[in-house]
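Notes to accompany the following structure.
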Amino acid sequence: MAIELSKEARAQAIASIERWFQDERDERIGNIAAGALLGFFLEEIGPSVRGGTGAPGGEPTRAENWRKVDAATRKGRKG
């Protein structure tokens, strides 16, 4: 089962993927390609990372997790 993201979280994740490609690989990746890559990760890799289960109560939301990933990648580029 693929991980579902809210519209806002999906847009943030796509923007983060586009930014990563630009900053780290000096490549422009379009919105459609970034969305396809995100879809692949969510469908193929996401369930194994989550252990195939839903997040129990009290854990961060997916949007919060994406913000943490984005912040960590930005921090890694600065240091």
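Among the residues of the range 2-21, those identified as touching a Gly at 6+ places or on another chain (Cβ under 7 Å) and assigned to a loop (DSSP other than H, G, I, E, B) are 2, 3. Residue-level analysis places residue 18 among those that are surrounded by 11 or more Cβ atoms within 10 Å (Cβ to Cβ), under 11 Å from the mean Cα position of the chain (by Cα) and acidic (Asp, Glu). For residues in the range 37-79 being polar (S, T, N, Q) and either part of a loop (DSSP other than H, G, I, E, B) or within 21 Å of residue 25 (Cβ to Cβ) (or both), which is modelled with the highest pLDDT? Taking the candidates together, the pick is 73. Could you please let me know if residue 24 is at pLDDT 70 or above and under 15 Å from residue 8 (Cα atoms)? It is false that residue 24 is at pLDDT 70 or above and under 15 Å from residue 8 (Cα atoms).
Annotation note: Cβ proximity below 9 Å between a residue of the range 14-28 that is basic (Lys, Arg) and a residue that is in a helix (DSSP H, G or I) and crowded, with 18+ Cβ neighbours inside 10 Å (sequence gap 6+ or interchain) occurs for 28/18.
The values are calculated or read from the model by the stated rules, or taken from the named source; none is laboratory data. Since we're looking at a predicted model, the values are computed, not measured. Quick reminder, even Gly has a Cβ in these numbers, built from the backbone with ideal geometry, and neighbours come from all protein chains shown.
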